[in-house]
Amino acid sequence: MLTEGMIQTHPETRRRIIHVDMDAFYAAVEMRENPSLRGRPLVVGGDPDRRGTVATCNYEARKFGIHSAMASKTARKRCPEVLFLKPRFELYREVSAEIREIFLDYTNRVEPLSLDEAYLDVTRCRLFGGVATDIARDIKRRILEHTKLTASAGVSYNKFLAKIASDMNKPDGLTVIRPHEAKALVSQLPIGKFFGVGPVTEKRMKELGIHTGADLQRWSLSRLQPLFGKHAEYYHQAAFGIDVREVEPNRPRKSVGSETTFDKDLSDLEEMLSQLRLRAREVALNLQERQLTGKTVTVKVKFSDFTQVTRSYSFNHPLTSYRQMIEVLPQLLHHAVSVRSRAVRLLGVTVSNLVRSDEETIAQRSLL
């Protein structure tokens with residue numbers, strides 16, 4: 001059993017990790033571009049008259065219970081005056097690149113998770129006397145000055161806790177979790193908030209009586225291993241605020257994907273396709289940013305009973321356009337859902353068999 005003293009003297013507690021998460025990023029960019037939108041409920045996503053879905057929404061819309069991955073039609077029912085805007089991913093990518101340039105002024109150890117969030121390892125940063133809280137505060141200030149957008153930051157000694165911290169005081173928050181605070185804070189954390197605990201694992205843990213970090217702390221590693229295999233050690237350590245994962249700025253990629261879990265299961269194929277197109281757009285942007293392309297497109301479907309199906313299509317040559325991706329989505333989705341008659345809780349799109357775009361004769365920019 002890990003003790004509080006062991007946690008505070010663990011080698012990883014010497015690290016200084018920041019997780020930066022932009023606030024309602026897509027919607028915030030749209031409000032910046034058009035200030036008349038400020039103060040009004042706003043959704044960035046698909047057309048409610050065409051079975052679209054919500055990509056993101058501003059905080060005014062969230063007051064009505066609107067959230068990402070919700071059907072646009074449902075969002076309009078909850079707030080009839082809500083405004084719908086079509087996503088402009090090229091614009092969001094440009095702003096994301098500006099923000100990343102700011103990060104690199106503090107450390108080259110930056111691990112992007114998506115267009116709107118990233119981990120930074122500032123352990124070796126000497127600015128502000130090496131005080132990570134002051135570094136995070138300055139990063140937030142510069143983002144606001146340069147982009148007119150707010151970000152929330154979490155500061156801690158590992159990635160797990162830094163990400164938890166960044167979500168605690170949104171929007172425009174700055175939260176620090178110190179080593180002596182970790183165990184008590186994690187003990188109150190719902191198990192579904194643990195990084196790496198998806199819906200299936202969350203359901204299984206709750207069936208075992210594990211609802212919070214405190215419940216997980218009472219389980220020994222030897223009891224967890226037969227149930228959760230190779231992930232057991234991570235869960236056991238995370239329950240005590242330990243996460244040994246490094247910030248990986250240049251980790252090799254085997255695939256690039258995007259997926260989302262829905263609060264309400266989907267049963268309409270057109271709605272599923274709309275959501276898959278959004279995911280494919282994000283994948284195309286990610287590929288372009290990383291100067292990659294690939295040959296295989298995979299659709300992932302998780303059903304209401306937590307069973308999962310994937311279907312793939314491989315091209316003879318690397319992808320040269322976003323259109324190629326979305327043209328195969330209906331066929332892949334049809335094959336995936338035809339084996340089940342249950343509603344769908346998660347959808348994802350992945351491109352694999354990656355190659356560097358500069359190894360091809362076609363410029364990666366044509367993906368978009």
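Roughly speaking, what is the stretch gain from R323 to L208, that is 0.36 nm per residue apart minus the C-alpha to C-alpha distance, in nm to one decimal? Present the calculation step by step, with values, prior to reporting the outcome.
Details: separation 115, 0.36 × 115 = 41.40 nm, distance 4.53 nm.
Between R323 and L208, full extension yields 36.9 nm more.
Find how much the distance from D134 to R290 grows on full extension, using 0.36 nm per residue of separation minus their present alpha carbon separation; answer in nm with one decimal.
Details: separation 156, 0.36 × 156 = 56.16 nm, distance 3.01 nm.
Gain on stretching D134 to R290: 53.1 nm.
Based only on Cα atoms, what mean projected area does the convex hull of segment 25-88 have, in nm²?
For the Cα atoms of segment 25-88, the hull's average projected area reads 3.6 nm².
Between D49 and F315, take the C-beta separation as r, use R0 = 22 Å, and let me know the FRET efficiency to the nearest 0.05. Provide the component values of the computation, followed by the final result.
Details: r = 33 Å, r/R0 = 1.51.
According to the calculation, E is roughly 0.10.
Going by average Cβ neighbours within 10 Å, how do the peptides 32-39, 183-190 rank, with the highest at the top?
183-190, 32-39
Taking the chain as a Gaussian network, where each spring joins two C-alpha atoms under 10 Å apart, which residue of E271, E111, E233 fluctuates the most?
E233
What's the Cα-based Rg to Rh of segment 184-238, Rh via Kirkwood? Walk me through the intermediate numbers first.
Numbers: Rg = 9.9 Å, Rh = 10.9 Å.
With Rh from the inverse mean 1/r over Cα pairs, Rg/Rh is 0.90.
Determine the alpha carbon to alpha carbon distance for each of K170/K193; K63/K206; K77/K170; K170/K264; K148/K193; K73/K203 and list only those over 18 Å.
Pairs exceeding 18 Å: K63/K206; K77/K170; K170/K264; K148/K193; K73/K203.
Multiply the residue gap between T307 and L104 by 0.36 nm, knock off their C-alpha separation, and tell me the result in nm, one decimal place.
Here the answer is 69.0 nm.
Of the labelled options (i) 5, 22, 31, 26, 13, 2, 0; (ii) 5, 21, 30, 30, 13, 1; (iii) 6, 27, 38, 26, 4, which one gives P(r) over Cα pairs in 10 Å bins from 0, in percent as computed for this structure?
Correct label is (ii).
As a test of the formula, what do you get for the chain when each DSSP H run with n ≥ 4 contributes -39,500 (n - 2.57) and the sum is divided by the residue count, at 222 nm and rounded to the nearest 500 deg cm²/dmol?
-11000 deg cm²/dmol
So, in nm, how far is label F64 from label R14 when the simple model puts each one 7 Å beyond its Cα toward the Cβ?
Each label point lies 7 Å from its Cα, and together they span 5.3 nm.
By counting other Cβ atoms within 10 Å of each Cβ, how are L115, L161 ranked from fewest to most?
Values: L115 23, L161 28.
In increasing order of surrounding Cβ atoms, one gets L115, L161.
Treat every Asp and Glu Cβ in segment 25-88 as -1 and every Lys and Arg Cβ as +1, leave all other atoms uncharged, and give the resulting dipole magnitude about the Cα centre to the nearest 20 debye.
Dipole of segment 25-88, to the nearest 20 debye: 140 debye.
Counting only DSSP beta bridges with both residues in the chain, what percent are antiparallel, rounded to the nearest 5? Mind showing how you got there, number by number?
On the way: 46 of 52 bridges.
Beta bridges within the chain, antiparallel portion: roughly 90 percent.
Values in this text are rule-based calculations from the coordinates and carry no lab data. All of these numbers come straight from a predicted model, not from anything done at the bench. Note that we place each Cβ from the backbone using ideal geometry, even for glycine, and neighbour counts take in every protein chain shown.
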